[in-house]
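Quick notes on the structure that follows.
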Amino acid sequence: MSFVDDLRARKRALKSELDADLRRSELSGKAMTATERRSWDSRMEELTGVSERLDELAEQEARDNAGNAHRAMMAGGPNVNAGLAYTQSRDVYAPDNFRNSFFVDQWAAQRGDGEAQQRLSSNNASRGMESRAGDLVSVTATQGGVFAPPSWLVQEYVALARPGRVTADLMTKEVLPKGISSINLPKVSGGSGAGVQATQNSALTDTALTSTSVSSGITLIGGKQIISRQLLDQSPGGMFDRVILQDLAAEAAKQLDIQVISGSGSSGQLRGIASVAGGTTITYTTATPKVIDGTTNANSFFSQIVKAAATIATNRFRPAQVIVMTPNRWAWVLEAVDSQGRPLVTPNGPQYNGIGTQDNVLGEGAAGTLAGLPVYIDANIPQTWNSSTNQDGVFVLRTDDMLLLESEPEFQTFDATYADNFSILARSVQYAAFLPDRYAASVGVIQGTGLVAVSL
């Protein structure tokens, strides 16, 4: 492994550690301790240094390439290797650069625009994607290819995607490796045995460990948008990239979140948490559901939450970490009051005998706590999970045990079949795999007549 590869690996590791720390802090609802904060600051400083060093090396490589191309041209004439070098700054698609559009260049490169090809190739090199460029991208001026999007576009894609994929973003996330058709992880199905030795020198307990595996196919999540050529031609370059990206990201995020929640595991779909075999299903059956019923536990929604969390703790030997429900279900919880007309869930702050807290007034994301667990609301949870299509579901989960693997999104543009309308098709695609059943006991699903659609 080269020095640059080592730096990239360290950068990925640091980002993963920092993301995990933030996620743990968010799930616990507690701020970092002073020690944790010092560790965070130290790693953030190291990440900044590693990123700056990689930038310096990329710039040096670009200068070296430019020098080599110039020498080759002087030795062999003006057309020698003309399509193999590009000398513009590494920030060819910077967010404040309104001259160059990544999406427009994608389209132009496929029509033989050599300068667009060079800008795309230069961007690949600046992102540390040299091997990808060699394997997947043709830099010949008359051919198109799959190019890595600029860093800021990927970062903004993730930021824009978060609100539409609440449940998906609660999972443990890893990068999906390239060149595979499925993910398989070993799973211990029967553990080793241990016991008290009856007498000295007598045989110890001998129980063989048994194993199985859990697997996921690879699903393609994609979106497209047809754009008029007039809009591309008359808009400043980089400004419209954001508009295209936002629309594509929002739809892709929604579809991935739906797969994580309720994918069937067949016909190309991921297996969602609602489809986990062996998970805990709490059947909440009542014609008179209440957030809390002091007389009959069967009517009490709060009791079902406690039961699901207790079942996870009993069978997984680890605590549940989050509750996920629809916006309407959380609003129903919020409107519940005690016999004195006081809300059972109060705005975060001092309270008397509250069952939870309300952190934010919003339509999705982190909303508060219930029974001591963080509550997230997600509008992608189906509200038609019964034959009468009038019931929703609530999840109680240990998300550390669930693994979501995603590839980096790819963006392409095409004008084929759209020429008669003077249009361009912009497309985003991303591969994903999901393993919600490494520990089936970490999944709790509450369903039943007690979750009939609420009237607010």
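The values are calculated or read from the model by the stated rules, or taken from the named source; none is laboratory data. This is a predicted model, so every value here is computed, not measured. Backbone-built Cβ (ideal geometry, glycine too); neighbour counts: all protein chains shown. Surface areas here come from the heavy atoms of the whole protein model, side chains and all, with no ligands, DNA or RNA. Shrake-Rupley method; radii C 1.70, N 1.55, O 1.52, S 1.80 Å.
Surface composition of region 396-456: carbon plus sulfur atoms hold 53% of the accessible area, using a 1.4 angstrom probe and ignoring ligands, DNA and RNA.
Which entries of Lys15/Lys307; Lys178/Lys224; Lys30/Lys224 have Cα-Cα distances beyond 29 Å here? Kindly include the intermediate steps, with their values, before the conclusion.
Numbers: Lys15/Lys307 36 Å; Lys178/Lys224 23 Å; Lys30/Lys224 40 Å.
Long pairs (Cα-Cα over 29 Å): Lys15/Lys307; Lys30/Lys224.
Applying 1/(1 + (r/R0)^6) with R0 = 22 Å to the Cβ-Cβ distance of Arg99 and Gln230 gives a FRET efficiency near 0.70. Volume of the convex hull of region 334-456 (Cα atoms only), normalised per residue: 225 Å³. Since only Pro319, Gly365, Asn380 are under comparison, the one whose Cα sits farthest along the positive direction of the charge dipole of region 302-456, derived from C-beta charges on Lys, Arg, Asp and Glu, is Pro319. Pop out the carbon and sulfur fraction of the accessible area of region 277-336 as a percent, whole number, probe 1.4 Å. Within region 277-336, the accessible surface is 55 percent carbon and sulfur.
Rolling a 1.4 Å probe across the protein heavy atoms gives region 237-368 an accessible surface of 47 Å² per residue. In this rough spin-label picture, where each label sits 7 Å from Cα along the Cβ direction, the Asn201-Asn297 distance is 5.3 nm. Using just the C-alpha positions of region 273-378 as equal point scatterers, what log10 of I(q)/I(0) does the Debye formula give at each q in 0.15, 0.16, 0.23, 0.24 1/Å? Taken in order of the listed q values, log10 I(q)/I(0) reads -0.67, -0.76, -1.44, -1.50.
With a Förster radius of 51 Å, plug the Cβ-Cβ distance of Glu46 and Thr288 into 1/(1 + (r/R0)^6) and report the FRET value to the nearest 0.05. Kindly include the intermediate steps, with their values, before the conclusion.
Details: r = 58 Å, r/R0 = 1.13.
Once the sixth-power term is evaluated, E becomes 0.35.
Rolling a 1.4 angstrom probe over the protein heavy atoms with all chains in place gives region 390-441 an accessible area of 31 Å² per residue.
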